[in-house]
Amino acid sequence: MVISFINMKGGVGKTTTVVELATILVKEHNKSVLIIDMDPQTNATFSLMGIEEWEKIKDNATIADVLGMNNGFSSRDKEYDINKAIVKNVCKINGLDLIPSHIELTFLDLDLSGQPGREIILENRLKKCLTDYDFILIDCPPNLTLAPQNALVVSDFIVVPVVPEFFPSIGLPLLVNRIEQLKKRLPNCVVEILGVVFTKVKRTTNNHTERMDSVRKTCEELGIETFQTVIPDTVRISEAATLNKPAFIVNPNSDGVTSYKSFANELILLLEEVEKE
Ligand SMILES: Nc1ncnc2c1ncn2[C@@H]1O[C@H](COP(=O)(O)OP(=O)(O)OP(=O)(O)O)[C@@H](O)[C@H]1O
Ligand SMILES: [Mg+2]
């Protein structure tokens, strides 16, 4: 099962959701999980490893290499083995693997412009390790450039983290529309939106409650599920990333982590339902 976490809006908790969900799937559900950090901001990478560790692999074993950037590896080089870029048991979590990112990924679109098949590089590379994992979770940047396009082509589903503020009612239809366009252009791409999850929710703010209602309505109109579980805005979540560890490890009993656990349960149930259909 490959799931991309995407929203064209930045700072909505995509990376946090990927890191916490992955950790919970491994630690509480005994799943094997690969996180792919598709964002040149490298936030998922540094939520799980320190800079010293990253320095050792940055020149030849990141998603940039997988996608054919960096020293000497052409994306047409069918030989690049994706396994070279997988950090096993990252953050000492047995069963959690990571393909780290690199800031150089910013230039992917420039480097590969005009190259045929540039949206299916990840798909080709991933064949080598697809069956090694129960879940592959892809952390996407806040845009739909070439890297996230590569992610969408290999994904079964998309989860859209949303902060209940003004933007989503406009942004969601736009995202849906863009994904439909992409699917028409790339026949291999069969990705579906699994659902919207509300993140960074300020429970005491009436405005957030109202916005959630309005986003739920938009989702209903678009035929998109919204997860019942709501992730609260809490410092216990944000402080973990600065320690290069998931909040699940740093603050296991916090509100935020408990919410992410029930989100994981809900996601597993929803996937089972969808698979039956
Ligand atoms: N539930 C939460 N409560 C408090 N802070 C949070 C929560 N979730 C995420 N944050 C913080 O909000 C910021 C943005 O979160 P995150 O990096 O996960 O968003 P993102 O959507 O991946 O952003 P980008 O689009 O830049 O990749 C981070 O500093 C993160 O620690
Ligand atoms: Mg992010």
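The values are calculated or read from the model by the stated rules, or taken from the named source; none is laboratory data. What you are looking at is a predicted structure, and each value in this text was computed from that prediction instead of being measured. We place every Cβ from the backbone using ideal geometry, glycine too, and count neighbours over all the protein chains shown.
Are there any pairs with C-beta distances below 7 angstrom linking a residue in region 137-154 that is over 14 Å from Arg178 (Cβ atoms) and assigned to a loop (DSSP other than H, G, I, E, B) to a residue that is away from ligand 1 (no atom under 16 Å from the Cβ) and of a type in the set (D, E, K, R), with the two at least 6 apart or on different chains, and if so which?
Going by the 7 Å Cβ cut-off, there are no qualifying pairs.
Within region 1-36, work out how many residues are in contact with a Ser or Thr (Cβ under 7 Å, 6 or more places away or on another chain), farther than 23 Å from Val235 by Cα and within 14 Å of ligand 1 (Cβ to nearest atom).
1
With respect to Lys261, determine if the residue is within 15 Å of ligand 1 (Cβ to nearest atom) and among the basic types (Lys, Arg).
Working: within 15 Å of ligand 1 (Cβ to nearest atom): yes; among the basic types (Lys, Arg): yes.
So Lys261 fits the description; yes.
Can you tell me how many residues in region 227-243 are under 14 Å from Val18 (Cα atoms) and of a type outside the set (A, V, I, L, M, F, W, C)?
1
Condition check: of a type in the set (Ser, Thr, Tyr) and free of Cβ contacts under 8 Å to residues at least 60 places away in the same chain. Does Thr15 satisfy that? Give the derivation first.
Numbers: of a type in the set (Ser, Thr, Tyr): yes; free of Cβ contacts under 8 Å to residues at least 60 places away in the same chain: no.
For Thr15, the condition - of a type in the set (Ser, Thr, Tyr) and free of Cβ contacts under 8 Å to residues at least 60 places away in the same chain - is not met.
In this structure, does Leu243 turn out to be of a type in the set (A, V, I, L, M, F, W, C) and in a loop (DSSP other than H, G, I, E, B)? Walk me through how you get there before you give the answer.
On the way: of a type in the set (A, V, I, L, M, F, W, C): yes; in a loop (DSSP other than H, G, I, E, B): yes.
Yes, satisfied.
Among the candidates Lys78, Lys92, Lys88, single out the residue that is modelled with pLDDT under 95, surrounded by fewer than 19 Cβ atoms within 10 Å (Cβ to Cβ) and more than 19 Å from Leu186 (Cβ to Cβ).
Numbers: Lys92 fails: modelled with pLDDT under 95; Lys88 fails: modelled with pLDDT under 95.
After applying the criteria, what remains is Lys78.
Just to be sure before I move on: is Arg211 crowded, with 20+ Cβ neighbours inside 10 Å, of a type in the set (Lys, Arg), more than 19 Å from Ser262 (Cβ to Cβ) and in contact (Cβ under 8 Å) with a residue 12 or more places away in the chain in the structure I sent? Lay out the reasoning, then the answer.
Numbers: crowded, with 20+ Cβ neighbours inside 10 Å: yes; of a type in the set (Lys, Arg): yes; more than 19 Å from Ser262 (Cβ to Cβ): yes; in contact (Cβ under 8 Å) with a residue 12 or more places away in the chain: yes.
When the stated conditions are applied, Arg211 passes them.
Could you go through region 166-177 and let me know if any residue there is out of contact with any helix residue (DSSP H, G or I) (no Cβ under 6 Å at 6 or more places or on another chain) and not in a helix (DSSP H, G or I).
Yes: one or more hits.
Identify all residues within region 47-70 that are farther than 14 Å from Ser101 by Cβ and under 20 Å from the mean Cα position of the chain (by Cα); write none if there are none.
Result: Gly50, single match.
Taking only region 92-108 into account, find how many residues are within 18 Å of Gln41 (Cα to Cα) and in a loop (DSSP other than H, G, I, E, B).
Step one: of region 92-108, the residues within 18 Å of Gln41 (Cα to Cα) are 98-108.
Within this subset, residues satisfying the condition of being in a loop (DSSP other than H, G, I, E, B) are 100-102.
Number satisfying all stated conditions: 3.
Do you know which residues across region 172-193 are of a type in the set (A, V, I, L, M) and within 19 Å of Val162 (Cβ to Cβ)?
Quick first cut of region 172-193, residues of a type in the set (A, V, I, L, M) only: 172, 174-176, 179, 182, 186, 190-191, 193.
Scanning region 172-193 gives Leu172, Leu174, Leu175, Val176, Ile179, Val191, Ile193.
It is to be established whether one or more residues within region 47-64 are more than 16 Å from ligand 2 (Cβ to nearest atom), among the aliphatic types (A, V, I, L, M), in contact with a helix residue (DSSP H, G or I) (Cβ under 6 Å, 6 or more places away or on another chain) and touching a residue at least 40 places away in the same chain (Cβ under 8 Å).
yes
Of the residues that make up region 109-130, is at least one out of contact with any strand residue (DSSP E or B) (no Cβ under 6 Å at 6 or more places or on another chain), surrounded by fewer than 18 Cβ atoms within 10 Å (Cβ to Cβ), of a type in the set (D, E, K, R) and outside any helix (DSSP H, G or I)?
Scanning region 109-130 turns up at least one residue that is out of contact with any strand residue (DSSP E or B) (no Cβ under 6 Å at 6 or more places or on another chain), surrounded by fewer than 18 Cβ atoms within 10 Å (Cβ to Cβ), of a type in the set (D, E, K, R) and outside any helix (DSSP H, G or I).
Quick check on this structure: which one of Glu221, Glu239 is within 12 Å of ligand 1 (Cβ to nearest atom) and at pLDDT below 95?
Details: Glu221 fails: within 12 Å of ligand 1 (Cβ to nearest atom).
That would be Glu239, the only listed residue that is within 12 Å of ligand 1 (Cβ to nearest atom) and at pLDDT below 95.
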